[in-house]
Amino acid sequence: MGEADLLCYFRMSDLDFPPFETQKILDGRNGLFSQYMLPKPGYLAAELMALLSTSIIAKSSDYLIARFGRGSYQLLICSHVPVNDDCCLKINENIAIENVYMAHKNSSAKNLRFIFTNVPDGKYRVISYHINQEHGSLLDEWGKMEFTPNLGSREIYYLQHAVHPNRIHTTTTASGGQLIFNIHLMPLEVIFAEIQWVPEEGGKAAPF
């Protein structure tokens, strides 16, 4: 069923609709790309999912944790916000593009803590990719252009390069056999993170 849903998600992309129906880069359709081949957050999230190892060691409805090679872990975290009941009752009413976020239930940011135990002490490199309203959102980038319906080639070119996840590189330290990873998660945000043990200079590879 999951594979069938993914196929339908792609087949219902905006590319399957004639471009003369509308000149807007977004028009409420639920595909992976806009009709101008601009990636939506769903496509960017699918790209991050493709990086996830199959060695899953923990999961919930909000996250997946996988072991990735020697001394490395991967986290895929999502803050899903469902559509509010009022919007479902008025499904045949059009929502103005400027008010589209009002279709979701009220939600607040979360501070999450992941604790890895029985890990070697030392430094760990953390590389994370964030898709949220500030980074990777075609809708919000278009909003900065005041939702102009007829964009020129220069605007399309700009959006092709502006819509991408935000990459953050940090380091953290494990002590006492524990590695604590704190993360701030915004509503509707998707985060993919890789945590990799960094051997000391001249040291051996990760012992696990």
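Any idea how many residues of segment 117-134 are open to solvent by 50 Å² or more (accessible area, probe 1.4 Å) and either of a type in the set (Phe, Trp, Tyr) or in contact with a Pro (Cβ under 6 Å, 6 or more places away or on another chain) (or both)?
Result for segment 117-134: 1.
Which pairs do you get when a residue that is closer than 20 Å to His80 by Cβ, found in segment 94-111, comes within reach of a residue that is small (Gly, Ala, Ser) and assigned to a helix (DSSP H, G or I), reach meaning Cβ atoms under 6 angstrom, with the pair 6+ apart or on two chains?
Close Cβ pairs satisfying both conditions: Ile95/Ala103.
Mind checking which residues of segment 156-171 are open to solvent by 70 Å² or more (accessible area, probe 1.4 Å) and out of contact with any Phe, Trp or Tyr (no Cβ under 6 Å at 6 or more places or on another chain)?
Listed by number, the residues that qualify are Tyr157, Tyr158, Gln160, His161, His164, His169, Thr171.
If we keep just the residues of segment 37-81 that are of a type in the set (Lys, Arg) and over 23 Å from Lys123 (Cα atoms), which is least open to solvent (accessible area, probe 1.4 Å)?
In this case the residue turns out to be Lys40.
Got at least one residue in segment 34-41 being touching a Ser or Thr at 6+ places or on another chain (Cβ under 8 Å) and in contact (Cβ under 8 Å) with a residue 40 or more places away in the chain?
Looking for residues that are touching a Ser or Thr at 6+ places or on another chain (Cβ under 8 Å) and in contact (Cβ under 8 Å) with a residue 40 or more places away in the chain, one finds at least one in segment 34-41, hence yes.
Checking Glu189 against (1) at pLDDT 95 or above; (2) over 23 Å from Ile56 (Cα atoms): exactly one of these is not met. Which one?
(2)
When you check Val119 against the structure, is it assigned to a loop (DSSP other than H, G, I, E, B) and touching a strand residue (DSSP E or B) at 6+ places or on another chain (Cβ under 7 Å), yes or no?
It is true that Val119 is assigned to a loop (DSSP other than H, G, I, E, B) and touching a strand residue (DSSP E or B) at 6+ places or on another chain (Cβ under 7 Å).
From the list Phe147, Phe181, Phe114, Phe192, exactly one residue is out of contact with any Phe, Trp or Tyr (no Cβ under 8 Å at 6 or more places or on another chain), open to solvent by less than 80 Å² (accessible area, probe 1.4 Å), not polar (S, T, N, Q) and not in a helix (DSSP H, G or I). Which is it?
Phe147
Looking at segment 88-111, is at least one residue open to solvent by 80 Å² or more (accessible area, probe 1.4 Å) and in a strand (DSSP E or B)?
Checked segment 88-111: at least one residue is open to solvent by 80 Å² or more (accessible area, probe 1.4 Å) and in a strand (DSSP E or B).
Hey, any hits in segment 150-167 for a residue that's at positive phi and outside any strand (DSSP E or B)?
No, segment 150-167 contains no residue that is at positive phi and outside any strand (DSSP E or B).
Looking at (1) under 24 Å from the mean Cα position of the chain (by Cα); (2) open to solvent by less than 20 Å² (accessible area, probe 1.4 Å); (3) not hydroxyl-bearing (Ser, Thr, Tyr), which is the one condition that is false for Ala174?
Failing condition for Ala174: (1).
The values are calculated or read from the model by the stated rules, or taken from the named source; none is laboratory data. Keep in mind the model is a prediction, meaning the values are calculated, not measured. Heads up, the Cβs are rebuilt from the backbone with ideal geometry, glycines too, and the neighbour counts pull from every protein chain shown. Accessible surface areas use protein heavy atoms only, side chains included; no ligands, DNA or RNA. Shrake-Rupley method; radii C 1.70, N 1.55, O 1.52, S 1.80 Å.
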